[in-house]
Amino acid sequence: MARAADEAQLARLDQVAWSPQSGFPSVARQAGDLFFTAGSPPQAHLVGTISGAVVGYIRLATPSPLPEEAHVLAVHGLAVAPEARRRGVATALLTAAEQRARRRGARKLSLRVLSTNPGAIQLYAQLGFEEEGRLLGEFLIEGRYVDDVLLTKHLGDGARPASP
C-alpha cells in the first residue's frame, strides 16, 4: 500500500509513465501537482518497487458509490516507469490488486484501457481479463479517435454472470 511519503515519487512517475497511447494529454501532471486527493488517498494505491524505488502503482476504487456495484473493484490507474517495464511490475501490481479484491469479497475486477495500448491489452489478457465492452471512438487524442476498451476478470466461482 502507498504511504503519504510516496507522493513525490508517484507524482514524478505519473509525469514519465503516460503517453498519448496510454493516457490523456489533457490531464498530464505538472511538476508540483499533488498525487493524492481526498477521493484518491494513499490507501487506494498499491505500489511496486525495485531496490526501494517506487517504479509503479495501481489505483483501486469502487466504480461508483452505488451499493449495487459494491461487488466490483475497478482499476482507476496503472502506471510503470519506462525503465522498469517488462520486469514484472505490472503483473505483480495486478496480482496484488486481484488479491485485495478477493479479500474484500469482490466478484469482479474491471479496468478500462485505450485501444492504442496493445501491450497493456495483451498483458491483461494473459492475466485472465476479457473484453466486456468497447466504446468506439470514445476519445479524440491528438487528432485520432480512440476506442475505450472495458476489460474484466470474474473472481467468484469462475462462472460469468448470465446476461438478462
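The values are calculated or read from the model by the stated rules, or taken from the named source; none is laboratory data. In this text, all values refer to a predicted model and were calculated from it rather than measured experimentally. Cβ atoms come from the backbone with ideal geometry, glycine included; neighbour counts cover every protein chain shown. Heads up: the accessible areas ignore ligands, DNA and RNA and are worked out on the full protein's heavy atoms, side chains in. Shrake-Rupley method; radii C 1.70, N 1.55, O 1.52, S 1.80 Å.
Put simply, of GLU138, GLU131, GLU83 the only residue that is on the phi < 0 side of the Ramachandran plot and exposed (fewer than 12 other Cβ atoms within 10 Å of the Cβ) is GLU83. Considering only the stretch 120-155, state which residues are outside any strand (DSSP E or B) and of a type in the set (Phe, Trp, Tyr). Listed by number, the residues that qualify are TYR124, PHE129. When we screen THR49, THR62 for residues that are touching a strand residue (DSSP E or B) at 6+ places or on another chain (Cβ under 8 Å), surrounded by fewer than 16 Cβ atoms within 10 Å (Cβ to Cβ) and more than 26 Å from THR116 (Cβ to Cβ), the only hit is THR49. Within the stretch 21-47, the set of residues being under 28 Å from LYS108 (Cα atoms) and either modelled with pLDDT of 95 or more or not small (Gly, Ala, Ser) (or both) comprises GLN21, PHE24, VAL27, PHE35, PHE36, THR37, PRO41, PRO42, GLN43, HIS45, LEU46, VAL47. Looking across GLN99, GLN126, GLN122, one residue alone is open to solvent by 20 Å² or more (accessible area, probe 1.4 Å), closer than 20 Å to VAL47 by Cβ and out of contact with any strand residue (DSSP E or B) (no Cβ under 8 Å at 6 or more places or on another chain). It is GLN99. Scanning the stretch 102-119 for residues that are open to solvent by 60 Å² or more (accessible area, probe 1.4 Å) and part of a loop (DSSP other than H, G, I, E, B) yields ARG104, ARG107. With the condition kept exactly as written, say whether any residue in the stretch 58-65 is in contact (Cβ under 8 Å) with a residue 60 or more places away in the chain, within 21 Å of THR37 (Cβ to Cβ) and touching a helix residue (DSSP H, G or I) at 6+ places or on another chain (Cβ under 6 Å). Scanning the stretch 58-65, I find no residue that is in contact (Cβ under 8 Å) with a residue 60 or more places away in the chain, within 21 Å of THR37 (Cβ to Cβ) and touching a helix residue (DSSP H, G or I) at 6+ places or on another chain (Cβ under 6 Å), so the answer is no.
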